[in-house]
1. What nm value, rounded to one decimal, do you get for the distance between residue 82 and residue 54 when each label is placed 7 Å out toward the C-beta?
2. Mind sorting 101, 123 by how few other Cβ atoms lie within 10 Å of their own Cβ, fewest first?
3. May I ask you to sort 52, 91 by Cβ crowding, counting other Cβ atoms within 10 Å and putting the fewest first?
4. To the nearest 0.05, how large is the calculated FRET efficiency for residue 120 and residue 42 if R₀ is 22 Å and r is the Cβ-Cβ distance?
5. For residue 64 and residue 27, compute 0.36 nm times the residue count separating them, minus their Cα-Cα distance, and round to one decimal in nm.
6. By how many nm would the segment from residue 97 to residue 75 grow when fully extended, if each residue of separation counts as 0.36 nm and the alpha-carbon distance is taken off?
7. Mind sorting 55, 78, 36 by how few other Cβ atoms lie within 10 Å of their own Cβ, fewest first?
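Just so it is clear, none of the values below were taken in a lab; they were calculated from the coordinates. The shown structure was predicted, so the numbers you read here are calculated from the model rather than taken from an experiment. In this analysis, Cβ positions are derived from the backbone assuming ideal geometry, glycine residues included, and neighbour counts consider all displayed protein chains.
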């Protein structure tokens, strides 16, 4: 049995300081539950990047769907450690693109699988 994650990715946004007019780069990593009702349920955890595997594991545990990963109602436990490592590794990649999204990410008892990856180049890069 595989659990499907809606997204495991990172993105950055530009913010402007009102007083100095300087650009501030903010990189975040987000992970959330998947499925057709994902946007309705809004089960998402977000942290500033980079994150450690321990922080990524805490993000996963904050999700309302976390019990499904830990063997809900006698089902097999999924490899949450591998998922946390993936989230941490993605969060630590260099800032060579505006957005990176792994969607879906499937996690089962034997590990994780990124089924699809979206890379959005940074403006001015190709």
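1. Rounded to a tenth, the inter-label distance reads 2.4 nm.
2. The fewest-first ordering by Cβ neighbours comes to 123, 101.
3. If I rank by nearby Cβ atoms, fewest first, I get 52, 91.
4. The pair residue 120/residue 42 has a calculated efficiency of 0.45.
5. 11.0 nm
6. 4.1 nm
7. Ordered from fewest to most neighbouring Cβ atoms within 10 Å, 55, 78, 36 come out as 36, 55, 78.
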